[in-house]
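Shown next, in structure tokens, is the structure this report addresses.
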Amino acid sequence: GWCPLSPAGAQTLQLLVDPPWEPAVQWDEVTLTCQGSGTARATAWYRDRQYWGQQGRDLVTVTKSGTYRCARPGSGRSPPVTVSDGEGGVGVPSLA
């Protein structure tokens with residue numbers, strides 16, 4: 001395996017969410033895009049800290065609630081994005 005910590009000065013990965021709700025709500029059919037340094041072929045995805053698969057894709061469609069991250073060798077992991085199941089309130093647009 002590879003070390004998930006980014007070397008000093010390395011560009012970090014970002015996880016873009018579409019639609020841009022905060023938190024993202026699953027029934028919106030959320031699309032996550034992994035953006036940053038490294039090649040898309042090396043992208044790995046994690047859900048709730050478990051390896052999720054989807055290897056080699058920089059864009060995935062989420063169908064289950066959970067906390068998602070993408071990772072690439074040499075670039076570390078993206079900040080986590082939480083996708084809720086829609087219970088307990090409606091998502092509101094993020095201020096980002």
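The values are calculated or read from the model by the stated rules, or taken from the named source; none is laboratory data. Every value quoted in this text rests on a predicted model; they were computed, and no experiment measured them. As a convention, Cβ positions derive from the backbone with ideal geometry for all residues, glycine included, and neighbour counts pool all protein chains shown. To get the accessible areas, we keep the full protein, side chains included, count just its heavy atoms, and leave off ligands, DNA and RNA. Shrake-Rupley method; radii C 1.70, N 1.55, O 1.52, S 1.80 Å.
Please count how many residues of region 48-74 are surrounded by fewer than 18 Cβ atoms within 10 Å (Cβ to Cβ) and not in a strand (DSSP E or B). Of the residues in region 48-74, 9 are surrounded by fewer than 18 Cβ atoms within 10 Å (Cβ to Cβ) and not in a strand (DSSP E or B). A Cβ distance below 6 Å, combined with a sequence gap of six or more or placement on separate chains, defines the contacts here; from region 36-54, residues that are farther than 12 Å from Arg72 by Cβ and without any contact (Cβ under 8 Å) to a residue 24 or more places away in the chain reach residues that are among the hydrophobic types (A, V, I, L, M, F, W, C) and surrounded by 13 or more Cβ atoms within 10 Å (Cβ to Cβ) in the pairs Trp52/Trp45; Gln54/Trp45; Gln54/Val60. Scanning region 76-91 for residues that are modelled with pLDDT under 90 and surrounded by 12 or more Cβ atoms within 10 Å (Cβ to Cβ) returns Val83, Ser84, Gly86, Gly91. Of the residues making up region 2-24, just one is modelled with pLDDT under 70 and open to solvent by less than 40 Å² (accessible area, probe 1.4 Å), namely Ala10. Could you tell me how many of the residues in region 43-74 are modelled with pLDDT under 90, within 16 Å of Leu13 (Cβ to Cβ) and in contact with a strand residue (DSSP E or B) (Cβ under 7 Å, 6 or more places away or on another chain)? So the answer is 2. Screening Ser94 with (1) modelled with pLDDT under 90; (2) touching a helix residue (DSSP H, G or I) at 6+ places or on another chain (Cβ under 6 Å) gives one miss only, at (2).
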